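Participant: Before anything else, here's the structure in question.
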Amino acid sequence: MHPPTDAAEEALAVVRRVRATALDLLGHVGAAMFDLAPDDPAISTLSRYALATIDGTILAQRADGIAVEEILTHLPTALVAVHASLTHS
């Protein structure tokens, strides 16, 4: 059974607000980490990559029992690599 359309739309709006806040916060962290302006296009890519990694980590933890630390410990290194690929492409 699917929730009523209004409830589904409301839930989606909440998810979008939470994700927008997370992207904003991750953008500030990324800007400080890479000494970039918060509106630099690379920050958007880095923030979305970080959020996707966090989303996947939560899914892996819940579905497969993988420890969050096992995946997220590599996030800073991955972000450095993504940043390098953005500046060398």
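Participant: Using the Cα centre of the chain as the reference point, and only Cβ charges (+1 on K/R, -1 on D/E), how large is the resulting charge dipole? Debye, rounded to the nearest 20.
Facilitator: Details: 5 positive and 11 negative charges, 13 e Å.
Dipole size: approximately 60 debye.
Participant: If each DSSP helix of 4+ residues adds -39,500 (n - 2.57) and the sum is divided by the residues in the chain, what number results at 222 nm, nearest 500 deg cm²/dmol? Mind showing how you got there, number by number?
Facilitator: Details: 4 runs with 72 residues, N = 89.
Counting only the DSSP helices, I get -27500 deg cm²/dmol.
Participant: Relative contact order of region 5-76, please, whole-number percent, based on alpha carbon pairs below 8 angstrom and at least 6 residues apart. The partial results should precede the final answer.
Facilitator: On the way: 35 pairs, mean separation 15.9, N = 72.
Result for region 5-76 is 22 percent.
Participant: Please compute the per residue accessible area over the chain with all protein chains in place, 1.4 Å probe, rounded to a whole number of Å². Each step should come with its number before you reach the end.
Facilitator: Numbers: 6410 Å² over 89 residues.
So the chain comes to 72 Å² accessible per residue, rounded to a whole number.
Participant: In µm²/s, what is D for the chain at 10 °C and 1.306 mPa s, where D = kT/(6 pi eta Rh) by Stokes-Einstein and Rh is the Kirkwood radius from Cα pairs? The partial results should precede the final answer.
Facilitator: Numbers: Rh = 14.6 Å.
The Stokes-Einstein estimate is 109 µm²/s.
Participant: Of the heavy-atom accessible surface of region 5-48 (probe 1.4 angstrom), what whole percent is carbon and sulfur?
Facilitator: Working: 1850 of 3080 Å².
The computed percentage sits at 60.
The values are calculated or read from the model by the stated rules, or taken from the named source; none is laboratory data. Remember, it's a predicted structure, so these values are computed and weren't measured experimentally. Cβ sites come from the backbone with ideal geometry, for glycine too, and all protein chains shown count toward neighbours. These accessible areas exclude ligands, DNA and RNA; they are computed on the full protein's heavy atoms, side chains included. Shrake-Rupley method; radii C 1.70, N 1.55, O 1.52, S 1.80 Å.
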